[in-house]
Every structure is written in C-alpha cells, then in structure tokens.
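Colleague: Shown below is the structure under consideration.
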Amino acid sequence: MALGRDAVLASVTATTRRLEADGVWLLTLPTTHIAGVQVIVRSLVAGHDPVIVSEQPSFAAACDVAPSTPRFVSLVTAQLPALLADEADRDALRGCHAVLVGG
C-alpha cells in the first residue's frame with residue numbers, strides 16, 4: 001500500500017511539533033525509502049532545500065551549508081558509529097538541533 005500525501009504531511013507536521021522547531025534537513029538516506037522522502041518533505045515544508053550530504057566533501061561540510069539555520073539529520077543506526085568516530089563529524093552532530101536515529 002502506498003503512503004498518501006496527507007499521511008506524509010501529517011508526519012511532517014507531527015515531527016516539527018515534537019522537535020519544536022523547523023529548519024534545514026541533511027539528507028543522508030536514500031530517496032527511494034520513506035525516511036529519505038520524509039527528510040526532503042520536512043525541509044521543503046520548512047522553506048529550505050534539503051542539504052544532500054553525498055554532494056558535500058563530508059558530513060561536517062554539509063552541516064556548514066546553513067550555519068545560521070537550525071539543522072536536523074535523520075540517520076539509520078548503522079550510520080552513527082562512523083560519524084561519531086570522526087572528530088569533525090562528531091562536532092557537526094553536536095551542532096544539529098536534533099538527530100533522529102532509527103531504522
């Protein structure tokens with residue numbers, strides 16, 4: 001069953017309400033999966049283009065794209081250890097308003 005537009009937007013609204021902020025989202029997930037689609041929609045609804053991490057030299061560099069805007073990232077559990085192992089990426093994660101981990 002396909003997830004409808006209303007359901008996606010309801011999820012975006014609920015996430016924004018729960019995080020008590022909106023801003024730019026860093027896209028680290030495939031857009032062929034709902035989690036990646038959600039990142040894109042959350043960012044666009046907030047009035048920002050998502051930052052595609054794979055188009056940046058590093059995760060830390062991606063976080064610097066919009067330094068004055070709250071930044072958010074959604075990760076799957078397998079991505080977290082690599083980011084925590086790199087000092088620059090770890091510091092960049094600290095600068096995010098929220099980090100969602102799941103999957």
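Colleague: Can you name the residue in the stretch 42-53 that is modelled with pLDDT under 95, out of contact with any Ser or Thr (no Cβ under 8 Å at 6 or more places or on another chain) and outside any loop (DSSP other than H, G, I, E, B) and, of all such residues, is most open to solvent (accessible area, probe 1.4 Å)?
Modeller: Ranking the qualifying residues of the stretch 42-53, first place goes to L44.
Colleague: Continuing with this model, one more query. Sort through A2, A98 and tell me the only one that's surrounded by fewer than 18 Cβ atoms within 10 Å (Cβ to Cβ) and in contact (Cβ under 8 Å) with a residue 24 or more places away in the chain. Before you say what the answer is, go through the steps one by one.
Modeller: On the way: A2 fails: in contact (Cβ under 8 Å) with a residue 24 or more places away in the chain.
Exactly one residue qualifies, and that residue is A98.
Colleague: Among the listed residues P57, P81, P70, P30, identify the single one that is touching a residue at least 40 places away in the same chain (Cβ under 8 Å), open to solvent by 40 Å² or more (accessible area, probe 1.4 Å) and not β-branched (V, I, T). Steps first, answer last, please.
Modeller: Details: P57 fails: touching a residue at least 40 places away in the same chain (Cβ under 8 Å); P81 fails: touching a residue at least 40 places away in the same chain (Cβ under 8 Å); P30 fails: touching a residue at least 40 places away in the same chain (Cβ under 8 Å).
One residue alone meets the criteria, P70.
Colleague: Further, regarding this structure: With small (G, A, S) and modelled with pLDDT under 95 as the only criterion, which of A10, A85, A61 stands out?
Modeller: Working: A85 fails: modelled with pLDDT under 95; A61 fails: modelled with pLDDT under 95.
Exactly one residue qualifies, and that residue is A10.
The values are calculated or read from the model by the stated rules, or taken from the named source; none is laboratory data. Bear in mind the structure is a predicted one, so any value in this text is a computation, not a measurement. No Cβ is skipped: glycine too gets one built from the backbone with ideal geometry, and neighbour counts run over all protein chains shown. Ligands, DNA and RNA are excluded from the accessible area calculation, which covers all protein heavy atoms including side chains. Shrake-Rupley method; radii C 1.70, N 1.55, O 1.52, S 1.80 Å.
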